[in-house]
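Nothing in this text is a laboratory measurement; each read-out follows from the coordinates by a stated rule. The structure displayed is predicted, hence computed values, not measured ones. Cβ atoms come from the backbone with ideal geometry, glycine included; neighbour counts cover every protein chain shown.
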Amino acid sequence: MAQETSCEVGPVVLLGPPGAGKGTQAKRIMERYGIPQVSTGDLLRQNVVRGTELGLAAKAVMARGELVSDDLVCVMVRERLMQPDSKRGYVLDGFPRTAAQAGWLDALLDHELFDNSRPTRAWPIVIRLDVDYNQLLLRITGRRSCPSCGRIYNVHFQPPRVDEICDETGEKLVTRNDDRLEVIQPRLTAYQEQTRPVADYYQRTGRLISQRGSAHGRCHGSDFQDIGRSSRVRMKNGDCV
Ligand code: ADP
């Protein structure tokens with residue numbers, strides 16, 4: 001994959017239900033454009049593991065498949081976006097997830113648009129990954145990841161070479177605590193009720209691009225050459241390239 005690490009990319013927002021492949025696409029964009037993936041799910045899980053105040057507040061909420069409060073998540077995101085590696089842009093994976101978070105992000109970007117000291121002054125490119133319900137279930141229940149390197153596999157579609165073992169590190173793969181069947185339904189409900197309106201909002205403002213995802217973590221559909229204005233992120237054969 002060719003790299004484009006000198007261009008200004010600005011914010012990229014990936015929306016989609018649990019299991020749609022946001023993490024996979026975020027990693028592709030990150031590698032191609034040299035901008036960080038900002039996954040609110042990963043950041044929250046790191047806080048849970050470290051036992052921080054935020055982690056303690058989020059742990060039970062996440063285990064139930066509900067959303068962590070907007071205030072806590074927005075503070076965490078602001079801190080992450082202030083890091084120097086996000087100057088040329090960043091991929092938001094799992095944020096914004098509520099109308100309030102989308103409003104908060106717009107206010108932040110609005111402020112940046114008038115702040116000449118911040119180089120990433122641009123409205124986000126918003127990509128929504130749409131996947132059939134049955135595919136989502138297979139993708140969530142089959143998902144495994146490496147606890148060391150974070151590489152994501154799927155036992156149905158992208159299995160490791162050796163059953164349940166990471167190809168890169170040789171570590172035993174793990175299943176996320178909230179990928180259990182009983183937690184999947186509340187997560188899908190949270191998406192329908194709280195995150196769909198976010199996509200509608202971006203659609204109304206003309207910033208939404210929808211991509212049909214497949215079983216393999218790819219997106220079908222038209223052969224996008226350019227996404228959004230100024231060719232900042234490209235898709236080919238349905239994948240972010
Ligand atoms: P998925 O998209 O597969 O549900 P994530 O890793 O993005 O997984 O999120 C896991 C959990 O972390 C969510 O179910 C929710 O509890 C919490 N979470 C992640 N991002 C947010 C957010 N932007 N706002 C509130 N809660 C969040």
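Data overview
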quantity: Neighbour-count order for Ile184, Ile165, Ile140, Ile35, fewest beta carbons within 10 angstrom listed first; calculated: Ile165, Ile184, Ile140, Ile35
quantity: Using a Förster distance of 30 Å, the FRET efficiency for Arg50-Gln185 (Cβ separation, nearest 0.05); calculated: 0.55
quantity: Potential lengthening between Ala100 and Asn134 on full extension [0.36 nm per residue; Cα-Cα distance subtracted]; calculated: 9.3 nm
quantity: Simple spin-label estimate for Ala107 and Glu31 in nanometres, 7 Å along Cα-Cβ; calculated: 3.8 nm
quantity: Burial ranking of peptide ranges 7-20, 192-205 (average Cβ count within 10 Å, highest at the top); calculated: 7-20, 192-205
quantity: Segment 20-105 - Rg (one decimal) and Dmax (whole number), Cα, Å; calculated: 13.0, 36
quantity: Inter-probe distance in nm under a simple model that places probes 7 Å from Cα toward Cβ, at Val75 and Glu171; calculated: 2.9 nm
quantity: Under-5 Å amide H pairs with Val126, H placed in peptide plane, nonlocal only; calculated: Val13, Ile209
quantity: Highest-first arrangement of 86-95, 59-68, where packing means the average Cβ count within 10 Å; calculated: 86-95, 59-68
quantity: Percent of alpha-carbon pairs separated by more than 21 Å within segment 81-204; calculated: 56 percent
